[in-house]
Amino acid sequence: MNKQQLLQTLKTHDFPRKILEAFKKVPREKFIEEKYKPYAYEDIPLPIGGGATISQPYTIAFMLNLLELKEGQKILEIGSGSGYVLALLAEITKGKIFGVEIIKDLTEKSRHALKNYKNIKVINKSGKNGLSEYEPYDRILVSATTQSAPNSIISQLNSTGILVAPVKNSIIKIKKTNTKITTQEFQGFVFVPMQD
């Protein structure tokens, strides 16, 4: 599959135009290892080293859509891996984007791949407790699976924030509306576990 075909596939799922535009603009091959470059536009996850993967494009688009992204938002991605999703977030929102990645090698590689983005900051540490030094965030995306909803991180959202995270084999959307919290669950997804 080439980029055009992948975009066509994503289009059939009715994702918003701004998400499709970001996929069109960001070269996925730049964020994967040399030997996997021929598969860059297959709709599959690919290994990026250290037991981590770059998620399937459909899954990424699905999660980005759940985040209800708007221009100028401050966003945190936990488990930012090779930086691909950070680039997509930056293209969609033009906001302030933070990534937390525990694997040092991936942090270095992603910083290099993202060097032209002045609005992205990648931090090498465990994302288990989020990134409190820059809170509150408008949106938080968790890109590795946990066994339960990451409650400690929800407090880092602002009063109308949204958190999207894989929990076991589902994707959970947690939406704050001032003091009220609503949760939706979407089943049937597989992610690599979060590393401590």
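Here's a check for you: in the stretch 15-60, which residue that is of a type in the set (Ser, Thr, Tyr) and free of Cβ contacts under 8 Å to residues at least 60 places away in the same chain is nearest to Lys94 (Cα to Cα)? The selected residue is Tyr58. Of the strands (runs of 3 or more DSSP E) lying entirely inside the stretch 100-196, those containing at least 2 residues that are open to solvent by 70 Å² or more (accessible area, probe 1.4 Å) and in contact with a Lys or Arg (Cβ under 8 Å, 6 or more places away or on another chain) are 180-187.
The values are calculated or read from the model by the stated rules, or taken from the named source; none is laboratory data. Every value quoted in this text rests on a predicted model; they were computed, and no experiment measured them. Glycine gets a Cβ as well: all are built from the backbone with ideal geometry, and neighbour counts include every protein chain shown. The protein model used for the area step is the full one, side chains on, heavy atoms only, and it has no ligands, DNA or RNA in it. Shrake-Rupley method; radii C 1.70, N 1.55, O 1.52, S 1.80 Å.
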